[in-house]
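To start, the structure itself, in structure tokens.
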Amino acid sequence: MKCTELNCEVKPKFHFTRIESRGIVSEGYMCEEHMRYYFRKYRSMKSIEENKLTAPIGTVCADFDLMIWDYSLDPKDTPCILYMREVGGTRYLCTRMDAWAWSTLTAQFYQRTEPRPVSHEGWADSIRILGGQLQDVIVDKLDEADNWFHAVLRIIQNSQMKTVNVRASDGYVLSLVFGKQVYIDEKLMVNLLIDLDIDGANSD
């Protein structure tokens, strides 16, 4: 395993995955020096396509943009960093996730077929069997006591809105399973051009 950058012999510290339109467009390995250089370029990258959706009041429409695995951290901890970028803007939400959430998201991006039903597919089937349909996912708050982001599944059942509280990472996966949009409370968003750091992420 080598750093993706040409002629670099330093052992990589990170695995990165770039995502566009909910599909993986590039991935590779980088040492810490090249990862930080990549982040400086990342600041100026074109934002995700123009936002044509009407977000619920007080929220921002966001989509998957970048995932990073930090090999210096114990896989039993939270080695994955996910960046959700504002659609048509420059703000983002950065969260740390555990290895299970990383692998589940990656399987959805690659559309891999699992040998047996996985948890989120089971949740999705339960919602459908009970006559519901996921409308969207709203990441609504950060629990500062344990640094976990929370989300709300907004489900339509019998023409009525039902809500279910989940971890943000579970909401992200279900948004992919159902092909639905993610919205993030505006107060949680950070300006990409001012404050982007591969070290400063909250857990999820």
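Answer with yes or no whether E27 is of a type in the set (D, E), at pLDDT 85 or above and part of a loop (DSSP other than H, G, I, E, B).
No.
Scanning the range 137-196 for residues that are β-branched (V, I, T), touching a residue at least 24 places away in the same chain (Cβ under 8 Å) and within 18 Å of S119 (Cβ to Cβ) returns V137, I155, V173, V177. Considered as a group, the residues in the range 71-112 that are surrounded by fewer than 21 Cβ atoms within 10 Å (Cβ to Cβ) and among the acidic types (D, E) include one that is farthest from E186 (Cα to Cα), and that residue is D74. Look at (1) touching a residue at least 60 places away in the same chain (Cβ under 8 Å); (2) surrounded by 13 or more Cβ atoms within 10 Å (Cβ to Cβ) and you find that G23 fails only one, number (2).
The values are calculated or read from the model by the stated rules, or taken from the named source; none is laboratory data. For clarity, every value in this text was computed on a predicted model and none was experimentally measured. Using ideal geometry, Cβ is built from the backbone for each residue, glycine included, and neighbour counts are taken over all protein chains shown.
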